[in-house]
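Before any comments, here is the structure.
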Amino acid sequence: PYWMLPVCLQLLTMCMAFSTGTSWGTYAVVFPIAMPLAWAIAQFNGLAHPEFFMTLCFAAVMDGSVYGDQCSPISDTTVLSAMCTGCDLMDHVKTQIPQATLAAVMAAVCWTVVTLLFVG
């Protein structure tokens with residue numbers, strides 16, 4: 001169903017960014033695929049507001065990418081943050097995951113609700 005696409009994109013980009021340690025690299029790989037896919041799904045399902053649906057998909061890619069980058073122990077920003085504060089790298093990562101996961105779950109729920117209420 002079309003309403004699952006934002007959350008699927010979010011989960012995909014979370015995994016990619018966590019594995020690679022880069023949000024910008026994830027943007028570069030996913031946006032050229034995700035935006036035409038979102039447009040095609042919106043057109044196929046006859047959505048009343050395809051541009052709004054694409055905006056939600058865009059935000060889901062951004063959110064998942066930043067989440068993965070923020071929580072990744074191989075991300076340059078995570079390593080630098082830990083080094084500059086004198087914190088152990090894995091301790092820093094462990095403190096980021098619960099907060100970021102809560103925000104990502106809340107965003108996924110909100111995107112799903114907004115998609116069902118305003119896009120269809």
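Here are the numbers for the structure shown:
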item: Breaking point among (1) of a type in the set (A, V, I, L, M, F, W, C); (2) surrounded by 11 or more Cβ atoms within 10 Å (Cβ to Cβ); (3) under 20 Å from Gly21 (Cβ atoms), for Leu80; result: (2)
item: Qualifying residue in the range 42-59 (condition: in contact with a His (Cβ under 8 Å, 6 or more places away or on another chain), of a type outside the set (Gly, Ala, Ser), surrounded by 15 or more Cβ atoms within 10 Å (Cβ to Cβ) and at negative phi); result: no
item: Tally, over the range 11-31, of residues that are open to solvent by less than 80 Å² (accessible area, probe 1.4 Å) and closer than 21 Å to Phe44 by Cβ; result: 2
item: Test set (1) in contact with a helix residue (DSSP H, G or I) (Cβ under 6 Å, 6 or more places away or on another chain); (2) farther than 22 Å from Phe31 by Cα; (3) open to solvent by 20 Å² or more (accessible area, probe 1.4 Å) - Thr85 fails condition number; result: (1)
item: Which numbered condition Ser65 misses (of (1) modelled with pLDDT of 95 or more; (2) farther than 15 Å from Leu12 by Cα; (3) polar (S, T, N, Q)); result: (2)
item: Every residue from the range 88-120 that is farther than 30 Å from Ala48 by Cα and either acidic (Asp, Glu) or open to solvent by less than 70 Å² (accessible area, probe 1.4 Å) (or both); result: Asp88, Leu89, Asp91, His92, Val93, Gln96, Ile97, Ala100, Thr101
item: Those helices (runs of 4 or more DSSP H) lying entirely in the range 1-103 with at least 1 residues under 22 Å from Val119 (Cα atoms); result: 5-20, 23-44, 50-71
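The values are calculated or read from the model by the stated rules, or taken from the named source; none is laboratory data. Bear in mind the structure is a predicted one, so any value in this text is a computation, not a measurement. Ideal geometry is used to build each Cβ from the backbone, glycine not excepted, and the neighbour counts take in all protein chains shown. The area values use the complete protein model at the heavy-atom level, side chains included, leaving out ligands, DNA and RNA. Shrake-Rupley method; radii C 1.70, N 1.55, O 1.52, S 1.80 Å.
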